[in-house]
């Protein structure tokens, strides 16, 4: 059974709550249950490879899993780096959703 994993990057509680609410709303409207939340306080200007995103979370995901993030800026410190992260997801055949714009990206 595929996992539903939400990635939240924030260093203050209010931002965490805003991102969680956005993801919760999207997941509920689209029938995704049992969402696992992965919180990280490391800023997105730190390379994804040096954050838990690249060291822990991405390696733990499998083909068919669903990954939720509010927007692409949370994944990388630049557009090219975000594209690299998205290629990693594509290679592993992981479904990626940007919940702020309510869209499946991959």
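Each value in this text was obtained by applying a stated rule to the coordinates, not by laboratory testing. This is a predicted model, so every value here is computed, not measured.
List the relative contact order of the chain as a percent without decimals, with contacts defined as Cα pairs under 8 Å and 6+ residues apart. Before the final figure, lay out each step's value.
Numbers: 170 pairs, mean separation 32.8, N = 106.
That works out to 31 percent.
With the Cα gyration tensor of the chain in hand, give its eigenvalues times 5 under a square root as the equivalent ellipsoid semi-axes, listed largest first in whole angstrom.
Numbers: eigenvalues 68, 59, 30 Å².
After diagonalising the Cα gyration tensor, the semi-axes are 19, 17, 12 Å.
Residue separation of residue 41 and residue 83 scaled by 0.36 nm, minus their Cα-Cα distance, works out to 13.0 nm of gained length.
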